[in-house]
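Engineer: Sending over a structure as structure tokens; questions will come in a sec.
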Amino acid sequence: MSKPHESHWNAAKSLLRYLQGTIDYGIIYTDSSDVRLAGFADSNWAGNVDDPRSITGYAFSLGSGVITWSSKKQKIVSLSSIEAEYQAMCAATCEAVWLRKLFQDVGEEQTVATTIICDN
């Protein structure tokens with residue numbers, strides 16, 4: 001803010017153009033009687049040649065739309081794709097437990113098991 005350059009102005013304009021082009025994108029939430037919590041988890045095993053740590057990603061939906069998601073670099077180096085997927089499932093399971101407790105606290109207890117889908 002104290003010493004703006006032309007590159008800062010160009011970056012701001014680029015951001016505004018991106019926002020203008022994606023204004024119609026979004027998540028649509030519909031009224032649904034099926035309000036079960038469902039999760040999706042995945043990882044990329046050693047996807048970066050400069051850093052051997054894998055990326056964990058998960059998303060959770062409640063009814064018709066996604067309510068929470070995460071994408072983070074794993075804290076340790078996985079020795080196999082199965083280990084990377086296991087860590088992704090572990091992170092997703094922790095999030096599912098937290099969400100179920102949150103829903104219980106606000107009076108929307110989940111009575112059925114939470115399904116977490118993984119590609120392995």
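Values quoted throughout were computed directly from the atomic coordinates according to the rules given, and no laboratory measurement underlies them. Only a predicted model underlies this, so the values are computations on that prediction, with no experimental measurement involved. Backbone-built Cβ (ideal geometry, glycine too); neighbour counts: all protein chains shown.
Engineer: Once you treat every alpha carbon in segment 1-65 as an equal point and sum by Debye, what is log10 I(q)/I(0) at q = 0.27, 0.30 Å⁻¹?
Structural biologist: -1.02, -1.15
Engineer: Quick check: net charge around Arg100, other residues with Cβ under 14 Å of its Cβ, Lys/Arg +1 and Asp/Glu -1?
Structural biologist: In short, -2.
Engineer: Please list, in chain and number order, the residues 5+ apart from Ser54 or on another chain whose amide H is under 5 Å from its amide H, with Hs placed from the backbone.
Structural biologist: Sorted by chain and number, the residues that satisfy this are Ala46, Gln74, Ser78.
Engineer: Note the angle between two axes, namely the Cα long axis of helix 6-21 and the longest principal axis of the Cα atoms of the chain, as a number of degrees from 0 to 90, rounded to the nearest 10.
Structural biologist: Relative to the chain, helix 6-21 is tipped by roughly 40 degrees.
Engineer: Compute the Kirkwood hydrodynamic radius of segment 38-78, taking the inverse of the mean of 1/r over all pairs of distinct Cα atoms, and give it in Å to one decimal.
Structural biologist: Across segment 38-78, the inverse of the average 1/r is 11.1 Å.
Engineer: GluC sites (Glu not before Pro), restricted to segment 37-120: which are DSSP loop and have at most 10 other Cβ atoms within 10 Å?
Structural biologist: Glu109
Engineer: Please give the net charge around Trp45, taking every other residue with its beta carbon less than 13 angstrom from that of Trp45, where Lys and Arg add +1 and Asp and Glu add -1.
Structural biologist: Result for the local shell: -3.
Engineer: May I ask for the equivalent-ellipsoid semi-axes of the chain, computed as the square root of five times each C-alpha gyration tensor eigenvalue and listed largest first in whole Å?
Structural biologist: Largest first, the chain gives 32, 25, 13 Å.
Engineer: What order do you get for Phe103, Phe40 when you list them from fewest to most C-beta neighbours inside 10 Å? Before the final figure, lay out the partial values.
Structural biologist: Values: Phe103 15, Phe40 18.
So the residues, fewest neighbours to most, are Phe103, Phe40.
Engineer: Here's a follow-up. Starting from the Cα of Lys3, draw a straight line to each of the lysines and keep only those under 23 Å, dropping any in the same chain fewer than 8 residues away.
Structural biologist: Counting by Cα, and skipping residues close in sequence, Lys3 has these lysines nearby: Lys13.
Engineer: With unit charges on the beta carbons (Lys and Arg positive, Asp and Glu negative) and the dipole taken about the Cα centre of segment 30-118, which residue among Ile76, Ala96, Ser64 sits farthest to the positive side?
Structural biologist: Looking along the dipole axis, the top candidate is Ile76.
Engineer: Only four residue types carry charge here, +1 at the Cβ of Lys and Arg and -1 at the Cβ of Asp and Glu. Report the dipole size of segment 30-118 about the Cα centre in Debye, rounded to the nearest 20. Can you show the working numbers first?
Structural biologist: On the way: 7 positive and 11 negative charges, 47 e Å.
Using only the charged Cβ atoms, the result is roughly 220 debye.
Engineer: Helix 81-105 sits at what angle to the longest principal axis of the chain, using alpha carbons and giving 0 to 90 degrees rounded to 10?
Structural biologist: Result, in degrees: 70.
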